[in-house]
Every structure is written in C-alpha cells, then in structure tokens.
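Shown next, in structure tokens, is the structure this report addresses.
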Amino acid sequence: MYLVRWQFQVRFGHLKEVLGILRQWEIDVGQRVGWRAQNLRVSQGMLGASRSNVEVETRVDNLGDLESSWADMEKSPHHQEAMKALERFVVGGTDQWSVYNQIDLFEAD
C-alpha cells in the first residue's frame, strides 16, 4: 500500500475557494479515477507548518494503479478545468507530489 500526497501552498485568505474546487474535483474526477472521498484526506498546516500548506492524501494498492489514475486525470477535461481554477489560489511553483510506502508496524494476526 502506498500513500500519495499532493502538497501546495494556498494564497492567503483563499482556503475556502480551494476546498470548494477540491470538493468538485473529487466528484468530477477523483471518483472516476478510483480516488473515493472516504480515502481522501485534506490537511492544513497548523503547528510547525505554515497554515498556507495544504496536503491532499490518498492511498493506492500499487504504483501501477497510481500511474493509471494519473493518466486518466490527464485525459479528463474536468481535471484540466479544476487545475486551471486552482491557479488563481495556489502559489505558483509550490505544488509537489510525494509517494510513501506504507509500512505496518505490527503484523496482522
């Protein structure tokens, strides 16, 4: 299992707009590429991280699924519209994708 995080900085005072765009993106794009709302987590920096830092996180079973979902996103006109809408509210050059291998601390019984 892998954790996939998309990190970016929101322009001051525009978190509400960004969350609205992300909600619509989940309906129009996320569900179609297999990223269900119950598997998505959105976090905002609070202590030790700037409040302008936002992370969107999901889980995928394997890297092939991730590559497939990214390819499907790029084909979606709704994805392109959402990314264009976010441009006004996200600080340019701050977005970054990170992929983490999830490690179980304890073996399942």
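The values are calculated or read from the model by the stated rules, or taken from the named source; none is laboratory data. Since the model is a prediction, treat every value here as computed from it, not as a measurement. For neighbour counting, all protein chains shown are included, and Cβ atoms are generated from backbone atoms with ideal geometry for every residue, glycine included. For accessibility, only protein heavy atoms count, side chains too; no ligands or nucleic acids. Shrake-Rupley method; radii C 1.70, N 1.55, O 1.52, S 1.80 Å.
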If Val56 satisfies every condition in (1) open to solvent by 50 Å² or more (accessible area, probe 1.4 Å); (2) closer than 21 Å to Val18 by Cβ; (3) in a strand (DSSP E or B) but one, which is the exception?
(1)
Right, Gln24: part of a helix (DSSP H, G or I) and either touching a residue at least 12 places away in the same chain (Cβ under 8 Å) or of a type in the set (Ser, Thr, Tyr) (or both) or not?
yes
Residue among Leu19, Leu3, Leu40 that is under 19 Å from Asp72 (Cβ atoms) and either free of Cβ contacts under 8 Å to residues at least 12 places away in the same chain or not aromatic (Phe, Trp, Tyr) (or both)
Leu40
Can you find a residue that is aliphatic (A, V, I, L, M), in a strand (DSSP E or B) and open to solvent by less than 90 Å² (accessible area, probe 1.4 Å) anywhere in the range 33-52?
yes
Restricting the range 77-109 to residues that are closer than 13 Å to Leu3 by Cβ and open to solvent by 60 Å² or more (accessible area, probe 1.4 Å), the one modelled with the lowest pLDDT turns out to be Asp104
Hits in the range 63-102 - residues which are free of Cβ contacts under 8 Å to residues at least 60 places away in the same chain and among the polar types (S, T, N, Q):
Ser68, Ser69, Ser76, Gln80
Looking for something assigned to a helix (DSSP H, G or I), touching a His at 6+ places or on another chain (Cβ under 9 Å) and open to solvent by less than 100 Å² (accessible area, probe 1.4 Å) - is there at least one such residue anywhere in the range 68-76?
yes
When you scan the range 2-32, how many residues do you find that are loosely packed, with under 15 Cβ neighbours inside 10 Å and small (Gly, Ala, Ser)?
2
